[in-house]
1. Between 0 and 90 degrees, rounded to the nearest ten: what's the tilt of helix 325-338 against the longest Cα principal axis of the chain?
2. Gain in length, S726 to E285, computed as 0.36 nm per residue apart minus the alpha-carbon separation, to one decimal in nm?
3. Using only the heavy atoms of the protein chains and a 1.4 Å probe, how would F256, F206 rank by accessible area, largest first?
4. Given N residues in the stretch 585-682, what is Rg(Cα) / (2.2 N^0.38 Å)?
5. Output the 0 to 90 degree angle, nearest 10, between the alpha-carbon long axis of helix 294-310 and the longest principal axis computed from the alpha carbons of the chain.
6. Could you tell me what fraction of 2.2 N^0.38 Å the Cα radius of gyration of the stretch 454-507 comes to, as a two-decimal ratio?
7. Identify, among V349, A288, S335, the residue whose Cα sits farthest towards the positive end of the charge dipole of the stretch 250-350, taking +1 on the Cβ of Lys and Arg and -1 on the Cβ of Asp and Glu, with the dipole about the Cα centre.
8. Among 300-307, 429-436, 613-620, how do they line up by average Cβ neighbours within 10 Å per residue, starting with the highest?
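The values are calculated or read from the model by the stated rules, or taken from the named source; none is laboratory data. Note that the coordinates shown come from a computational prediction; the quantities given were computed from them, not determined experimentally. Positions of Cβ are backbone-derived with ideal geometry, glycine not excepted, and every protein chain shown enters the neighbour counts. The area values use the complete protein model at the heavy-atom level, side chains included, leaving out ligands, DNA and RNA. Shrake-Rupley method; radii C 1.70, N 1.55, O 1.52, S 1.80 Å.
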Amino acid sequence: MTRLGQSSIEDVVAAMTLEEKVRLLRGKGVSISGEGGPTVGVKMDERVPGAAGSTFALERLGIPSLVMADGPAGVRIAPQREGSDVRFHATAFPIATLLASTWDQALVEDVGSAFGHEAKEYGIDVLLAPALNLHRFPLGGRNFEYYAEDPLLSGKMAAAFVRGLQSQGVGASIKHFVANNHEWNRFAMDVKVDERALRELYLRGFEIAVKESQPWTVMSSYNKVNGEYTSECARLLTRILREEWGYDGLVVTDWFAGQDVAAQVRAGNDLLMPGTDAEETEIGEALASGALEEASVDRNVANLLRLALKSPTFAAYAYGERPDLASSAVLARRSATEGMVLLKNDAGVLPFAGQGSLALFGNHAYDLIAGGTGSGDVNKAYSVSLREGLEAGGAKVDTDLAAQYQAHLDSEKAKQPKLTGLAAFMPKSPIVEMTLASELIETAADRNAAAILVIGRTSGEFADREASDFLLDNGELSLLGRVSRAFRSRRKPIVCVLNIGGVVEVASWRDKVDALLVAWQPGQEGGHAVADVLLGEVNPSGRLPDSFPMMLSDLLAAENFPGVATGEATMRAGAVPVTPSEIEYRDGIWVGYRYLNTFDKEVAYPFGHGLSYAEFTMTDLDLSSESFEDELVASVKVANTGAHAGKEVAQVYISAPSSDGFEKPSEELRAFAKTRLLSPGESQVLSFRLTLRDLASFDATRGSWVADSGTYVLKVGASSRDIRASARFRLASTRVIGGAAKA
Ligand code: BGC
């Protein structure tokens with residue numbers, strides 16, 4: 001008898017009818033019962049309520065139904081089930097941007113492993129994470145789900161996360177492949193991008209993640225790239241992903257993505273999710289008319305079977321629905337503290353050292369934003385506010401002020417409409433800051449030792465942020481100005497905490513605060529984690545994964561963001577009516593610090609920046625050779641010369657020589673490492689291995705990665721603009737690396 005696991009994959013495929021094969025290529029439909037989930041599509045029969053989707057079983061051949069759930073900040077399932085009082089919560093970890101800010105691959109691997117544990121214990125086979133599109137522009141609505149503006153940092157973080165997740169026997173889905181950097185018109189957006197930028201920036205992180213972590217699945221994206229839906233593009237899904245990079249897993253569509261089902265199947269998009277009856281009909285018709293050959297169907301089904309073989313469900317894993325949430329909470333807190341970035345700390349006002357009570361201003365001091373919205377959100381059991389975190393850390397908080405804020409928040413929340421369906425999935429309008437009476441601010445300044453002002457921002461699926469969201473609004477600016485004046489006139493400090501999912505403008509107002517901490521959206525343990533840093537329990541060691549520009553217009557992408565409308569609506573699945581648009585990535589490779597550094601633009605804070613309560617030196621830079629043959633090892637000594645124990649991140653940038661006017665960035669991140677916790681006076685030697693690819697750029701005219709001959713400068717820094725040591729080496733002759741799939 002033919003059965004999966006006992007017979008070869010080929011035999012199992014051969015034992016199926018054509019109808020059975022086609023059925024396996026689409027999922028069962030979308031869930032309508034997940035709290036906060038969309039109410040579109042058909043109801044699937046749910047083994048895990050609130051999961052994003054599942055595949056069909058074929059019992060006669062021993063093929064199980066696989067369950068897939070989001071997402072990048074934690075396992076997204078419904079906490080409540082009909083007829084049960086039990087709650088099924090998963091941990092809301094910090095957002096991906098915060099995890100990237102840790103620059104700590106071992107930590108991110110641990111976090112991935114905790115996600116894997118929770119997913120497995122809830123009966124999930126594939127977690128729809130990590131997401132690693134590039135932070136091309138600060139207004140990207142899903143930037144919080146993604147790691148960084150730099151592809152090496154993104155790719156390394158994704159790879160670490162996948163290794164951790166899959167170590168638990170649960171599959172990852174690296175998404176959204178590729179160039180899904182913005183949300184507006186996402187179902188139809190045509191991204192016009194040149195081959196060099198595609199290779200060096202947008203594909204690069206995926207290439208690293210595929211090669212270094214072998215994810216079980218890759219999710220193709222909604223958008224088109226140069227006129228073709230990625231889910232229908234054989235060059236991307238088969239020639240680059242599989243033939244060039246050696247990927248042997250499954251490719252799944254994003255939910256309802258693309259238009260031409262037969263083209264998706266042919267291109268190597270193995271599984272269509274969440275799956276519709278129409279897709280099944282279309283595939284059947286394409287096969288009958290000869291427009292689609294059965295060999296493509298067989299290949300895709302075989303990929304699904306290989307995935308099934310690895311799955312916990314196939315192994316009949318007896319999940320208990322009782323993951324170890326206590327351990328996850330500890331890790332959520334620890335990882336959050338490690339990714340907080342201290343941007344400024346004048347006169348060492350931080351950490352607070354028990355000097356008296358603290359006045360907390362801003363709605364989000366009492367209602368911290370744990371994460372963004374949409375599929376990247378988690379149905380968490382709780383979220384610790386900053387007030388709770390500080391009090392738990394032993395600090396005193398102004399309770400009168402707190403009471404005023406609480407009353408404001410309660411009454412404003414009561415007025416908010418109850419959202420259902422897609423609206424519940426999208427960001428809510430923020431609660432405006434209340435206008436505080438002058439007397440209240442003055443009294444608070446009299447009786448407290450310092451002020452903490454929290455500024456919050458949220459965003460999520462379907463929409464990018466507005467330009468106004470990048471700036472503080474009038475209410476926030478007025479609050480900031482008044483609190484700053486009141487406290488500073490009494491020689492008391494004011495600290496600002498940015499509770500954000502993406503970059504905001506800081507240059508125009510940062511002089512009004514003494515310290516500035518980017519706490520990102522730090523997950524359900526956020527209040528504890530921010531308090532750990534403010535109170536000095538943990539020395540901040542996060543470094544920016546994005547540049548903080550002076551103004552949005554300092555970035556080239558500002559010129560034509562979010563693109564132009566070009567025609568009539570073409571969306572297939574009927575969820576949101578959209579107008580198709582296209583966006584030309586005129587900035588090419590000049591994204592983030594690559595542009596800002598090379599063209600000497602002033603920035604508020606550069607890529608890689610972040611202060612510590614300690615100080616570090618980087619000395620004794622040593623190269624294994626002055627001439628590059630096949631690889632090179634660099635090492636540097638990092639020493640803690642400060643008074644607190646702390647961690648430093650050594651960032652290795654390369655300046656490559658150019659030939660024939662082929663422009664290259666003045667710095668490109670090629671390696672990085674974080675030290676262990678160094679006590680005052682302690683040091684650690686970090687080393688980095690560079691390969692030929694680390695010297696190369698993509699030359700589109702040759703269709704290859706090329707490392708030009710000449711002198712290279714290797715720079716080790718504490719940020720992309722704080723280079724502490726550099727050394728030169730030579731490449732004797734130009735080297736062309738073959739094997740890239742043609743454009
Ligand atoms: C998102 C994906 C997500 C999927 C399933 C889509 O709307 O773009 O990131 O994994 O839904 O929820």
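1. Around 60 degrees separate the two axes.
2. Stretched fully, the S726-E285 segment lengthens by 152.5 nm.
3. Correct descending sequence by accessible area is F256, F206.
4. Dividing the Cα Rg of the stretch 585-682 by 2.2 N^0.38 Å gives 1.32.
5. On a 0 to 90 degree scale, this one is about 50.
6. 1.34
7. V349
8. 300-307, 613-620, 429-436
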